[in-house]
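Working notes, beginning with the structure itself.
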Amino acid sequence: MKACLLLLSLVLAACMSAPESATHANAPATDDTGTPALSAALMRHHWELRDAVDGDNKRIDALFGKAPPLQIDFTAGRVNASHACNRIGGAYTIVEGHLVTTDLMQTRMACSDPTLMKRDAVITSVLQGRPMLILTSDSGSPLLTLAAESGQSLTFAGKPSNPADTPDPSGQP
């Protein structure tokens with residue numbers, strides 16, 4: 001399974017026009033301007049929680065409920081989480097394939113919905129823990145996995161943030 005994820009990550013990185021000078025397979029690919037291509041790919045999507053497992057590879061059912069799925073969004077140097085009890089955000093960089101956040105801030109609302117409270121705790125913990133970023137695809141749709149050292153793994157499905165990036169189902173340009 002790990003070999004499959006690595007292979008998919010390498011295939012996606014190859015599709016992102018990485019320069020030939022990249023020598024480390026786990027190093028983020030960069031485009032001609034030196035901007036990390038991985039960061040650019042992250043910014044092109046809204047990432048909605050699709051699956052979550054704990055360190056024992058058991059699904060974290062408490063993260064799923066009636067509310068819209070937990071969502072993370074990346075902008076130039078910022079990551080934001082929404083659809084939890086509180087809005088959570090902060091600065092980020094990508095270092096050797098890991099998401100490194102600083103200055104995470106969040107609102108201080110009290111929510112009676114235990115699902116939303118659990119989302120707050122888990123996403124804050126994962127974002128602060130230098131998770132490995134794994135970008136793959138499923139039937140052409142991008143998937144982003146944040147794999148924490150604790151064993152928690154959150155997988156998000158990418159939805160284009162710009163409607164112009166959505167392919168026309170008729171196949172017409």
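Keeping to region 71-89, report how many residues are at positive phi and surrounded by 14 or more Cβ atoms within 10 Å (Cβ to Cβ).
The qualifying residues number 1.
Just to verify a result, which residue in region 96-115, among those that are among the aliphatic types (A, V, I, L, M) and not in a strand (DSSP E or B), is surrounded by the fewest Cβ atoms within 10 Å (Cβ to Cβ)?
Just the residues of region 96-115 that are among the aliphatic types (A, V, I, L, M), to begin with: 99-100, 104-105, 109-110.
Add one more test, that the residue is not in a strand (DSSP E or B), and what stays is 109-110.
Numbers: Met109: 11, Ala110: 7.
The qualifying residue surrounded by the fewest Cβ atoms within 10 Å (Cβ to Cβ) is Ala110.
Among the numbered criteria (1) farther than 15 Å from Glu48 by Cα; (2) crowded, with 18+ Cβ neighbours inside 10 Å; (3) among the aliphatic types (A, V, I, L, M); (4) over 18 Å from the mean Cα position of the chain (by Cα), which one does Ala148 miss?
The one condition Ala148 does not meet is (4).
Go through region 96-130 and report how many residues are under 19 Å from Gly151 (Cα atoms) and out of contact with any Gly (no Cβ under 7 Å at 6 or more places or on another chain).
Counting residues in region 96-130 that are under 19 Å from Gly151 (Cα atoms) and out of contact with any Gly (no Cβ under 7 Å at 6 or more places or on another chain) gives 18.
What number of residues within region 116-167 are free of Cβ contacts under 8 Å to residues at least 12 places away in the same chain and in a loop (DSSP other than H, G, I, E, B)? Give the derivation first.
Of all residues in region 116-167, those free of Cβ contacts under 8 Å to residues at least 12 places away in the same chain come to 121, 139-140, 163-164, 166-167.
Now restrict to residues that are in a loop (DSSP other than H, G, I, E, B): 139-140, 166-167.
Total meeting the criteria: 4.
Restricting attention to region 57-88, which residues are over 17 Å from Arg44 (Cα atoms), touching a residue at least 40 places away in the same chain (Cβ under 8 Å) and of a type in the set (Gly, Ala, Ser)?
Ala62, Gly65, Ala67
Does region 58-70 hold any residues that are in contact with a Leu (Cβ under 9 Å, 6 or more places away or on another chain) and either surrounded by fewer than 18 Cβ atoms within 10 Å (Cβ to Cβ) or more than 20 Å from Leu133 (Cβ to Cβ) (or both), and which are they?
Ile60, Phe64, Gly65, Ala67, Pro69
Could you count how many residues in region 89-105 are more than 17 Å from the chain's Cα centre (by Cα) and closer than 18 Å to Trp47 by Cβ?
Qualifying residue count, region 89-105: 0.
Quick note: the coordinates plus some simple rules give every number you see, no bench work behind them. From a predicted model like this one, the values you see are computed outputs, not experimental measurements. Heads up, the Cβs are rebuilt from the backbone with ideal geometry, glycines too, and the neighbour counts pull from every protein chain shown.
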